[in-house]
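Working notes for the structure below.
Bear in mind these aren't lab numbers, they're just calculated from the coordinates by the rules spelled out. All values derive from a computational prediction rather than experimental measurement. Neighbour counts run over all protein chains shown; Cβ positions are idealised from the backbone, glycine included.
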Amino acid sequence: MRRSRKAVLLALLVPLPSAFGWGEPHEAITKAALDVLPVWQQDLLGRERGPLATDYCLIPDHVFSNKANARFAAMESKPGEVYIQSLHLPSAQQPDNLETFRYFSGRAVAALQKGKTGDAARYMGTICHVIEDFGSPSHTIPGDNQFTLLQQFLPPSEAMKDKLLHGPIEDGTLDVRISGYHPQLLGITVEEAAWRLLHRVHEGIINARGTTIPIIQALYAQDEKGVVTNQLKAATKDAQVVADALYTILCLGTKKLEPGEQTSLKTVAIGAFFPLEAASLYYPQTQFFSAPYWGFPHSGVILKEGKKAVPLKLNVDEKSGGLIEQFGNGISVGMGKPLSFLLPKGVYTKFTAIAGLHAELGAKGRVEFILRGDGKPLASAIVDGTGPAHIFECDIRDVSLLQLAAESRGKDPQSNYAIWADPVLAKEP
Ligand SMILES: [Zn+2]
């Protein structure tokens, strides 16, 4: 893989941190994202647009060599830290990552509001870098940034035997294009935008994880096309998320908000969001439950006998055995393993959901569904397998941690096919 002279020189001069991030692809991804911003935003960036794509998106990597810009990748909450690792590798803790997005988005928006476009573009560069690094195919395995553990599972080819995999997995010259992509407004306040961005970035991380092993296999097979195809798959998703972030910051910084976009932000379905229990976005063994089957929560489906995914269906009629409704947005959960969701401050006022036992699998079960806000009970209901699901509607103003729990209440634990259907956060006056 080709590396620019600048990158080679830097690699020689700078003590190489553990998480260097993709070099040239940073530029290609940022440029692709900038290209789909509306004309007014491109005009607003003006002469900062060029350096944002070629220079500012690398600020967190260049904190030792470019001291003038290092302050745009520094955080007040981490005094004295020049190279902040959590700007390159996602923290396992969602609140840390949320704080990263909140802090730098806030800085960029404030700079724009003061007319300091140059400062704003540099903070935006740091945000681009974070999104791109989190979604890089070589930043995908928690705690194994150089793939020393993974190489024990995937023994290297003779040619790759003594090479560190991090660089080869992500380095290259990529032609990233997302033309036709319409950037999405992520929030009408920094708090909301940062929280929505966090969940968009989760999609980028999961997407990148799907590319890592195919890239390694292609590297072992000296299949350069296979490497690039998979790198592009990660980079394309990253560019879309970067476009959303930049678009939103520029809207907030200029207070230009389309009414239609604001309406679409009034509610958010959270059935596919990762709870805090899935730290690093997977369920560790400690989060497995034993009833109704041995397994872990699933979004959008429930596993019949723990084996076969079937749609989420609840009896929603007042009369038992009445109307059965199917839900796309929802989570199937086990007994005694609550799921906790981080909420943004001062954004949503109401949480609604329909909780019950699966209409076809849960007839012999009985479950208590419990909602907690910051550890305190908000509401609960005991639902019988033959009865209708319970409609929850809770005030969640000031709640920063929402917890959904399900507990067995007698009868047959193997029938406790519990579902939180249609979990939605809403803004209401
Ligand atoms: Zn980096």
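Whole-Hz Karplus ³J(HN,Hα) for segment 323-334, in order, using 6.51 cos²θ - 1.76 cosθ + 1.60 and θ = phi - 60°, x for Gly and Pro?
6, 10, 10, 9, 10, x, 7, x, 9, 8, 10, x
If amide hydrogens are placed 1.01 Å from N in the peptide plane, which non-local residues have theirs closer than 5 Å to the one on Lys304?
Under 5 Å from the amide H of Lys304 lie the amide H atoms of Ala309, Val310, each far enough along the sequence or on another chain.
What ranking do 400-411, 170-181 get when scored by the average of other Cβ atoms within 10 Å per residue, highest first?
400-411, 170-181
I'd like the FRET efficiency for Glu261 and Asp43, computed as 1/(1 + (r/R0)^6) with the beta carbon distance as r and R0 of 22 Å, rounded to 0.05.
It comes to 0.65.
Cα axis of helix 94-113 to longest principal axis of the chain: angle in degrees, 0 to 90, nearest 10?
Helix 94-113 sits at roughly 60 degrees to that axis.
What value in Å³ per residue do you get for the convex hull of the alpha-carbon atoms in segment 279-426?
103 Å³
What are the residues whose amide H is under 5 Å from the amide H of Lys350, where those residues sit 5 or more places off or on another chain and H is modelled from the backbone?
Ile396, Ala426, Glu428
Going by how many other beta carbons lie within 10 Å of each one, how would you line up Glu99, Glu224, fewest first?
Glu224, Glu99
If only Cα atoms are counted, what is the Rg of the chain, and what is its Dmax, in Å?
23.3, 74
So if I place +1 on the C-beta of Lys and Arg and -1 on the C-beta of Asp and Glu, and nothing else carries charge, what would the dipole magnitude of the chain be about its Cα centre? I want it in debye, nearest 20.
Rounded to the nearest 20 debye, it is 320 debye.
If packing is taken as the average count of other Cβ atoms within 10 Å, what order do 235-247, 188-200 fall into, highest mean first?
Top to bottom by mean Cβ count within 10 Å: 235-247, 188-200.
Considering only Gly271, Gly328, Gly125, give the residue with the highest GNM mean-square fluctuation for the chain, with springs between Cα atoms whenever their separation is below 10 Å.
Highest fluctuation of the listed residues: Gly328.
Every cysteine in the chain with no other Cys Cβ under 4.7 Å from its Cβ, please list them in numeric order.
Cys251, Cys394
Helix 224-254 against the longest principal axis of the chain: what's the angle in degrees, Cα atoms only, rounded to the nearest 10?
The helix 224-254 is inclined about 80 degrees to the chain.
For Cα pairs less than 8 Å apart in space and 6+ apart in sequence, what is the mean separation divided by the residue count of the chain, i.e. the relative contact order in percent?
About 15 percent, as a whole number.
Would you mind checking the tilt of helix 117-134 against the longest principal axis of the Cα atoms of the chain, expressed as 0 to 90 degrees and rounded to 10?
The answer is roughly 60 degrees.
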